[in-house]
Amino acid sequence: MENLSIDSIWKKCLLGDRKAQFDLYQFFSKKMYAVCLRYAKDSLEAEDILQIGFVKVFSKAHLFSENGSLEGWIRKIMVNTAIETQRKNKISFVEPLESDGILEITNTTHSDPLHYKDLMSLVHQLPVGYRTVFNLYAIEGYTHKEISEMLSISEGNSKSQLSRARQWLKTRLLKIEALTL
């Protein structure tokens, strides 16, 4: 689909056209599922977040100001929905430092370097507080001030969680490197 057709589909969505809503869902669902999966504990929770997120997209369609991209607006809704889900599940965004955990990498051999999928698998193994802050800062591009407001934590806590997430990832990547030598 071209941008022109996305624009026309969106205009129909604003009028409550169910076919247009389905088309918009089909166009963005894979990208947005990947966003949801970065925050969810598993694929079922990611699917739930995706569905709830799209319900919000369609029920709040009138709030899209067209100052930015539609995709960016939908992505923001998905991220906020994921964080709301974590709050409902009483997830703490403050993680204590922990000792070595079990390392699960699916595709590492000496001749096969780490791929994007393997790195994302490793990121998904981060404790939820680390993972949430890491995703918001490193992948979504939020500032520590924005993260602290979103998660109701201090800016210092956000910075600390990011630092710990990076250290956690670095430690595991070094272990993987040692295993492949």
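The values are calculated or read from the model by the stated rules, or taken from the named source; none is laboratory data. Model, not experiment: these values are computed from the prediction. Every residue, glycine among them, receives a Cβ derived from its backbone with ideal geometry; neighbour counts consider all protein chains shown. What goes into the accessible areas is simple: the full protein's heavy atoms, side chains included, and nothing from ligands, DNA or RNA. Shrake-Rupley method; radii C 1.70, N 1.55, O 1.52, S 1.80 Å.
Tabulated values for the structure
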| item | result |
| --- | --- |
| Solvent-accessible surface (1.4 angstrom probe) belonging to Ile139, in square angstrom, nearest 10 | 70 Å² |
| Formal net charge of residues neighbouring Thr143 (Cβ-Cβ distance under 15 Å; K, R +1; D, E -1) | -1 |
| Estimated vicinal HN-Hα couplings, Hz - region 147-152 in sequence order (Karplus 6.51, -1.76, 1.60; Gly, Pro = x) | 5, 4, 5, 5, 9, 6 |
| Net lengthening on full extension, His124/Lys175 (0.36 nm per residue, minus Cα-Cα) | 16.7 nm |
